[in-house]
Amino acid sequence: MQENTPLERITEGFTTIWANVNKSQIRGPGAKGNLPFYNNSMELNRDISVALCQWMVQNSNRKLSFLDGLAATGIRGLRLANEIKGDFSVYINDWNSESYSLIKRNILELKLEKCIALNSNLNKVLSNERYDYIDIDPFGSPVYFIDSAMRSINNNGIIACTATDTATLCGRHQKVCFRRYTAHSLNTIPMKEIGLRIILGVICRTAGIYEKGIIPLLTYASDHYFRIYVKVINGAKKSDQSMNNLKLIDSEKIFPFNIKGKAIGPMWNCKLQDKRFIQELREIVLNKKLGKRTEIWKLFDFLEDEANGPMFFFSTDGISSILKRSPPKIFDVIEHLKKNGYFASRTHFNPMGFKTDAPQDEIEKLFK
Ligand SMILES: C[S@@+](CC[C@H](N)C(=O)[O-])C[C@H]1O[C@@H](n2cnc3c(N)ncnc32)[C@H](O)[C@@H]1O
């Protein structure tokens with residue numbers, strides 16, 4: 001580690017570590033030189049992974065093995081080792097040698113016996129060992145690690161990944177999206193949902209190669225990233241079941257695009273959440289010291305509410321601008337649709353968005 005690296009003490013959850021918090025030292029995706037920084041905007045993302053790994057330990061009758069594959073300061077893996085109760089070990093990897101030194105120093109200071117630092121290319125780590133939980137948290141796209149993670153993950157294990165290439169996934173760079181994900185996106189109102197479903201599609205397809213199936217447990221979009229937790233189950237039958245959910249979608253179904261014959265995807269067209277899993281996770285969130293508990297609670301409210309809704313959503317401002325009417329209150333829209341026997345919920349993807357299975361002309365009546 002460089003002698004003059006400006007390290008500070010930072011605390012997240014109940015873990016205090018040495019970290020570089022100087023954001024001006026950000027380097028590009030996967031840079032091998034210089035010490036990666038501590039990014040406090042990802043605290044909620046890490047809080048949820050702590051709760052989820054605690055859930056895994058509580059629901060297992062054997063010792064589990066967790067991998068924080070792209071660790072930077074190591075904060076996520078250090079928190080897993082320090083804050084989770086039960087039988088498990090944590091491997092914390094970064095190919096950056098300064099990160100590696102810092103992670104080792106933090107492991108020593110925190111006296112973490114269940115924790116091992118690694119200094120390698122993540123794809124190499126994944127080719128050498130199997131894990132029950134693999135966390136892929138890159139600058140940009142996780143796609144470069146999905147194949148090796150799929151080979152490495154144990155049966156019933158969980159792959160977690162973040163994607164920050166949201167502009168690409170939301171249809172702003174069509175050619176990049178097709179090269180990277182072999183999928184067509186669309187820059188329109190439900191673009192965040194399309195982006196999330198495109199990554200899930202790639203994970204599903206990769207699982208298929210290895211005769212594995214996936215079940216999305218928890219997935220969401222935030223301002224600047226997507227986050228996905230999928231359970232991976234071995235077996236050709238499970239694989240076929242999840243491959244049935246990989247579809248090309250006619251953009252006619254994507255309001256307000258409504259153009260026949262333009263295919264979007266392939267993408268995941270089944271549930272994005274497991275509602276029961278989220279309910280179980282809440283118990284853990286309540287009982288752990290998590291800095292972003294209130295925000296997680298609100299996010300879970302949205303995710304549970306929309307969990308059984310149809311694919312894609314409408315937005316009150318989108319319909320209003322097309323019909324040239326002022327938008328009704330979103331709560332009134334939802335109440336009205338529910339009263340008429342339709343599914344209706346808000347969506348975390350968009351503050352003006354709502355999901356419903358009501359036909360479009362029925363919805364438009366509410367705006368006229
Ligand atoms: C976005 S940062 C990780 C942030 C961290 N998970 C956190 O919660 O603060 C991405 C890290 O991945 C590392 N990295 C990029 N490509 C890698 C590879 N192929 N193998 C191992 N580490 C890699 C970079 O050095 C960087 O530290």
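Using modelled amide H (1.01 Å from N, peptide plane; none on Pro or chain starts), what sits under 5 Å from the amide H of His184, excluding residues fewer than 5 places away?
Long-range HN contacts for His184: Gly265.
Based solely on C-alpha atoms, express the radius of gyration and the Dmax of segment 271-368 in angstrom.
Answer for segment 271-368, Rg first and Dmax second: 15.5, 48 Å.
As a quick test, which of the pairs Lys192/Lys253; Lys324/Lys355; Lys292/Lys329; Lys85/Lys114; Lys262/Lys368 have an alpha carbon distance above 19 angstrom in this structure?
In this structure, Lys324/Lys355; Lys292/Lys329; Lys262/Lys368 exceed 19 Å between Cα atoms.
At what distance in nm do the modelled label points of Arg9 and Lys253 sit from each other, each positioned 7 Å from its Cα along Cα→Cβ?
Roughly 5.5 nm, to one decimal.
Report, in listed order, any pair from Lys212/Lys289; Lys289/Lys338; Lys124/Lys237 with a Cα-Cα distance greater than 31 Å.
Lys212/Lys289; Lys289/Lys338
How do Thr188, Thr164, Thr182 rank by accessible surface area computed with a 1.4 Å probe, from largest to smallest?
The residues order as Thr182, Thr164, Thr188, largest area first.
Using a simple charge model, +1 on the beta-carbon of Lys and Arg, -1 on the beta-carbon of Asp and Glu, nothing else, what dipole does the chain show about its Cα centre, in debye to the nearest 20?
Value, rounded to 20: 420 debye.
From the convex hull of the Cα coordinates of the chain, what is the mean projected area in square nanometres?
18.9
Just to confirm, what accessible area per residue do you get for the chain at 1.4 Å probe, in whole Å²?
44
Taking H as built 1.01 Å from N, whose amide H comes closer than 5 Å to the amide H of Ile136, not counting residues under 5 places away?
Close amide H contacts, sequence-distant or interchain: Ala160, Cys161, Thr162.
Determine the share of the chain's accessible area contributed by carbon and sulfur atoms, expressed in whole percent, with a 1.4 angstrom probe.
Ligands and nucleic acids excluded, carbon and sulfur reach 50 percent.
May I ask you to compute the full-extension gain from Ser97 to Glu304, defined as 0.36 nm times their residue separation minus their alpha-carbon distance, rounded to one decimal in nm?
So the chain would gain 70.4 nm between Ser97 and Glu304.
Tell me, what ³J(HN,Hα) does each residue in segment 168-180 have, in order and in whole Hz, if you take phi through Karplus 6.51 cos²θ - 1.76 cosθ + 1.60 with θ = phi - 60° and put x for Gly and Pro?
Karplus values, whole Hz, x for Gly and Pro: 5, 5, 8, x, 7, 10, 4, 5, 4, 4, 5, 4, 6.
Let's test the formula: R0 of 35 Å, r as the Cβ-Cβ distance of Arg325 and Ala263. What FRET efficiency results, to the nearest 0.05?
Efficiency, from the Cβ-Cβ distance: 0.65.
For segment 301-314, take each phi angle, set θ = phi - 60°, evaluate the Karplus expression 6.51 cos²θ - 1.76 cosθ + 1.60, and give the result in whole Hz per residue in order, putting x for glycine and proline.
For segment 301-314, the Karplus curve yields 4, 4, 4, 5, 4, 8, 3, 9, x, x, 5, 6, 8, 9 Hz.
Hey, how many Å between the Cα centroid of segment 270-336 and the Cα centroid of segment 158-217?
Answer, in whole Å: 20.
Expressed in nm to one decimal, what extension gain is obtained for the pair Tyr144 and Ser60 from 0.36 nm per residue of sequence separation less their Cα-Cα distance?
27.3 nm
Between Asp223 and Arg105, how many nm apart are label points set 7 Å from Cα along the C-beta direction?
Label-label distance for Asp223 and Arg105, simple model: 3.0 nm.
What do you get when you divide the Cα radius of gyration of segment 165-282 by 2.2 N^0.38 Å, with N the number of residues?
Compared with the compact-globule rule of thumb, segment 165-282 sits at 1.06.
Taking H as built 1.01 Å from N, whose amide H comes closer than 5 Å to the amide H of Val21, not counting residues under 5 places away?
Residues meeting the amide H criterion: Glu8, Tyr38.
Answer with one residue from Leu290, Phe314, Gln279: the one whose Cα lies farthest towards the positive end of the charge dipole of segment 276-318, charges on Cβ with Lys, Arg +1 and Asp, Glu -1.
My answer, from the dipole projection, is Leu290.
Going 7 Å from the Cα of Asn121 along its beta-carbon direction, which residues of segment 72-95 have the amide nitrogen within less than 15 Å of the resulting point?
Counting backbone N atoms under 15 Å from the label point, the list is 94-95.
The values are calculated or read from the model by the stated rules, or taken from the named source; none is laboratory data. All of these numbers come straight from a predicted model, not from anything done at the bench. In this analysis, Cβ positions are derived from the backbone assuming ideal geometry, glycine residues included, and neighbour counts consider all displayed protein chains. Side chains are part of the model used for accessible areas, which takes the heavy atoms of the whole protein and leaves out ligands, DNA and RNA. Shrake-Rupley method; radii C 1.70, N 1.55, O 1.52, S 1.80 Å.
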